[in-house]
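Novice: This structure is in structure tokens; I'll ask about it shortly.
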Amino acid sequence: MTLLGVDEVTDVLEVREALERTAAARVTALRIDPGAIAAALREPLDRQAAAMAAGDLATFMTAGADFHLDVVALSGNPVAERLFAPLRDHQLRLARLVLTVADLEPAESFAEHLELGDRLREHDFAGYSRVLDRHLARHQGLL
């Protein structure tokens, strides 16, 4: 596993934030059916919950990266999805740093994922943005 430099972490976080925030804005503006949102996010959230219960950090991190990719996919913007997908490797390395080196609890990240899903289902873009800011601040705080 290649370590990320500070500049690369900053660059990845900026691109990830821009793509995910834009996707969430689109999902909320289109008022996508809350049931469809819940269905799309259920699988990665269920995997995260099971991995957290089993103490399986690798699966937990992979499911978390998949959650964010699924949020972008919900926007229906294939270009955003294609641009976001290659960030997955960077996200996994960064998540490993955040959850292991910084010794943070996976439960915090999982709770934020649940809250992000709630905000999308409620078509609350401002709320989604606040939670995303908090979620990404954990990564930025390590720089």
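The values are calculated or read from the model by the stated rules, or taken from the named source; none is laboratory data. Computed from a predicted model, the values in this text were never measured in an experiment. Quick reminder, even Gly has a Cβ in these numbers, built from the backbone with ideal geometry, and neighbours come from all protein chains shown.
Novice: Take the residues in segment 42-63 that are buried (at least 20 other Cβ atoms within 10 Å of the Cβ), modelled with pLDDT of 90 or more and touching a Lys or Arg at 6+ places or on another chain (Cβ under 9 Å), then tell me which one is nearest to Arg16 (Cα to Cα).
Specialist: My answer is Ala63.
Novice: Could you name every one of the helices (runs of 4 or more DSSP H) located completely within segment 71-143 that has at least 2 residues being closer than 23 Å to Thr28 by Cβ and either modelled with pLDDT of 95 or more or of a type in the set (S, T, N, Q) (or both)?
Specialist: 78-84, 106-121, 125-140
Novice: Taking only segment 7-35 into account, find how many residues are surrounded by fewer than 19 Cβ atoms within 10 Å (Cβ to Cβ) and β-branched (Val, Ile, Thr).
Specialist: We begin by selecting, within segment 7-35, every residue surrounded by fewer than 19 Cβ atoms within 10 Å (Cβ to Cβ); these are 7-8, 10-12, 14-15, 17-18, 21-22, 25-26, 29-35.
When the remaining residues are screened for being β-branched (Val, Ile, Thr), the result is 10, 12, 15, 22, 32.
Result for segment 7-35: 5.
Novice: List, please: which pairs have Cβ atoms under 9 Å, are six or more places apart or on different chains, and start with a residue in segment 67-79 that is more than 20 Å from Leu114 (Cβ to Cβ) and end with one that is surrounded by fewer than 20 Cβ atoms within 10 Å (Cβ to Cβ) and of a type outside the set (S, T, N, Q)?
Specialist: Sorted first by the residue in segment 67-79, then by its partner, the pairs are Gly76/Arg26; Gly76/Leu30; Gly76/Ile32; Asn77/Arg26.
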